[in-house]
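Below is one structure, written out as structure tokens, with a few remarks after it.
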Amino acid sequence: MKLIQSFEKNVSEYLQSFNIPLKDKKILVALSGGADSVTLLLVLLSLGKKLGFSVSALHVNHGIRGEEALRDEKFCIKLCCDKDVELAVYHADIPTMAAERKKSVESCGRDYRYEVLTACCKEKGIDYIATAHNANDNAETVLYNLLRGSGSEGLCGIPKLRDNIIRPLLSTERKEIEAYLNALEQDYVTDGTNIDNCYTRNYIRNVILPACQIVNGDAVNAINRAALAVSEDCAYLNTMAKSVEKGGDLRNVPPALQSRLIKNEYRRLFGGGLEGVHINAVKNTLDSTETKYVALPNDVTAVICRGKLSFDSGEALPVIEEKTLLFGNNEVADGCVSVFVGTYGDGGVRIKKDAVCGSIFVRSRKEGDRICVRKINRSIKKCFIDKKIPPAFRDIIPIICDEKGIIYVPHIGVADRVCPKKGEEYFSVCVTMDERFGLLKDEEK
């Protein structure tokens, strides 16, 4: 009884360290029937009575292990029936799904579990998803990522809290979990594939981590302490990365922040993560004086020019329809481009008031477009080439005109005939673009 109370007290303290509201909340447990998830279900049921939250469960039969998978499903159904816990059961053909998604069976199964957990939460108004990752899982993950040459984020291990996913057992070792179940005289099922060391994760669990424990008997906690220290450093560096101006020259940014900026921008725009090989490929092109292209996952291409980064998703760019510009903000190209027309002090470029002929409007570039800037009359196409603007992005750059012709093009400048001299009255035009086109930030003043 003392062991049970001590275990539940430790889990309760760890859970409350998440600093999330628990009273009157609903928690959905990912239940496989194994020791970890059974422990998670039981301890949360006990703590729910004290902390005021309710618990339900979800089980996925992946269609992989035949009769053994059916045994696990029946076990979960009986356990939840005995404990009066609502259980949702999902069936899937993960091998077929993995082939269709071009993923490994393991990663596809994991993705599918989170998909149905998330869907179940939305359908039933559940607040949190609880998974049974423990301290050993975290140590194994750190070792796995280390052996793959992961960056510091991979060495942070498994987060205890991410979005609405909580991991109440993450500070608990597997031996403590087994002791808790023994004290409760609670049985559980064992996945027969867990002893197959052909799987990398199993080899780390069954061979590498035990070898680490020969060197240091407290290896699991030691690895977890190191992961916590790295995660604190990562949190600081990520905060620093957020302070770096978007669309700026990455050559002037420390390498540790370069990696985070590249990775975070990709994740924000397209979802998912980048591996070290992709990040390093982008970093290696930053010093190039020519425009470089790096293939990234999901058919995305990184476009790097003189230290500036943008992304091409392969989708057709929105069209800039011709539009008369009014004072204030004018959006074009489905909101991807904004042209602000303002007065003195509003930033952007200056346009001489009495030199403009009629109204001003915006359009996309046309064949044969030319502009005279600083007494040099040049084709806009040639200017874009000289400025190393990638062809994929040239059509999204707005052309600002009056009734006589072009008066301003971002990256090229203001036409001489409307460029004010000192003391002459002017208004301002400021072009901003969707963050996907950070490379195209205009530096003309």
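Would you be able to say whether some residue in segment 401-409 is open to solvent by less than 10 Å² (accessible area, probe 1.4 Å), out of contact with any helix residue (DSSP H, G or I) (no Cβ under 7 Å at 6 or more places or on another chain), in contact (Cβ under 8 Å) with a residue 60 or more places away in the chain and not polar (S, T, N, Q)?
No, because not a single residue in segment 401-409 is open to solvent by less than 10 Å² (accessible area, probe 1.4 Å), out of contact with any helix residue (DSSP H, G or I) (no Cβ under 7 Å at 6 or more places or on another chain), in contact (Cβ under 8 Å) with a residue 60 or more places away in the chain and not polar (S, T, N, Q).
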Point to revise | Criterion: assigned to a helix (DSSP H, G or I), small (Gly, Ala, Ser) and more than 18 Å from the chain's Cα centre (by Cα) - qualifying residue of Ala235, Ala256, Ala211 | key: Ala211
Point to revise | 3 or more residues surrounded by fewer than 16 Cβ atoms within 10 Å (Cβ to Cβ): qualifying strands (runs of 3 or more DSSP E) within segment 308-376 | key: 328-332
Revision key, fill the gap. Contact list, first residue from segment 373-393 and polar (S, T, N, Q), second anywhere and surrounded by fewer than 16 Cβ atoms within 10 Å (Cβ to Cβ), beta-carbon distance below 7 Å, six or more apart or interchain, is Asn377/Arg370; Ser379/Arg370
Review point. Has segment 122-144 got any residue that is in contact with a Gly (Cβ under 8 Å, 6 or more places away or on another chain), open to solvent by less than 60 Å² (accessible area, probe 1.4 Å) and more than 21 Å from Glu232 (Cβ to Cβ)?
Key: yes
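Can you tell me which of Ser107, Ser54 is more than 17 Å from Tyr188 (Cβ to Cβ), of a type in the set (S, T, N, Q) and over 27 Å from the mean Cα position of the chain (by Cα)? First the steps, then the outcome.
Working: Ser107 fails: over 27 Å from the mean Cα position of the chain (by Cα).
So the residue among Ser107, Ser54 that is more than 17 Å from Tyr188 (Cβ to Cβ), of a type in the set (S, T, N, Q) and over 27 Å from the mean Cα position of the chain (by Cα) is Ser54.
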Point to revise | All positions within segment 162-208 that are in contact (Cβ under 8 Å) with a residue 40 or more places away in the chain, in a loop (DSSP other than H, G, I, E, B) and more than 24 Å from Cys80 (Cα to Cα) | key: Ser171, Glu173, Tyr199
**Study point:** Residues of segment 259-281 that turn out to be crowded, with 19+ Cβ neighbours inside 10 Å and more than 12 Å from the chain's Cα centre (by Cα), as a count
**Key:** 3
Point to revise | Filter result (at pLDDT 95 or above and surrounded by fewer than 18 Cβ atoms within 10 Å (Cβ to Cβ)) within segment 53-70 | key: Ser54
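Here's the yes/no breakdown for (1) more than 26 Å from Lys292 (Cα to Cα); (2) among the small types (Gly, Ala, Ser):
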| residue | (1), (2) |
| --- | --- |
| Val332 | yes, no |
| Ser364 | no, yes |
| Arg378 | no, no |
| Pro391 | no, no |
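Taking segment 157-177 as the search range and keeping residues that are touching a Pro at 6+ places or on another chain (Cβ under 9 Å) and aliphatic (A, V, I, L, M), which one is surrounded by the most Cβ atoms within 10 Å (Cβ to Cβ)?
Our first condition is that a residue be touching a Pro at 6+ places or on another chain (Cβ under 9 Å); within segment 157-177, this holds for 160, 165, 167, 170.
When the remaining residues are screened for being aliphatic (A, V, I, L, M), the result is 165, 170.
On the way: Ile165: 18, Leu170: 22.
That would be Leu170.
Residue-by-condition table, conditions (1) in contact with a helix residue (DSSP H, G or I) (Cβ under 8 Å, 6 or more places away or on another chain); (2) surrounded by 12 or more Cβ atoms within 10 Å (Cβ to Cβ); (3) modelled with pLDDT under 90:
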| site | (1), (2), (3) |
| --- | --- |
| Ile204 | yes, yes, no |
| Gly217 | no, no, no |
| Asn238 | yes, yes, yes |
| Lys283 | yes, yes, no |
Practice item. Search segment 343-361 for residues that are modelled with pLDDT under 85 and pair each with any residue that is open to solvent by less than 70 Å² (accessible area, probe 1.4 Å) and of a type in the set (Gly, Ala, Ser) when their beta-carbon atoms are under 8 Å apart and the residues are at least 6 apart or on different chains. Key: Thr343/Ser428; Tyr344/Ser428; Gly345/Ser428; Asp346/Ser428; Gly347/Ser428; Gly348/Gly342; Gly348/Ser428
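The values are calculated or read from the model by the stated rules, or taken from the named source; none is laboratory data. A quick note: this is a predicted structure, and the numbers were derived from the prediction, not measured. With ideal geometry, Cβ positions are generated from the backbone for all residues, glycine too; neighbour counts draw on all protein chains shown. With ligands, DNA and RNA removed, areas are computed over all heavy atoms of the protein, side chains included. Shrake-Rupley method; radii C 1.70, N 1.55, O 1.52, S 1.80 Å.
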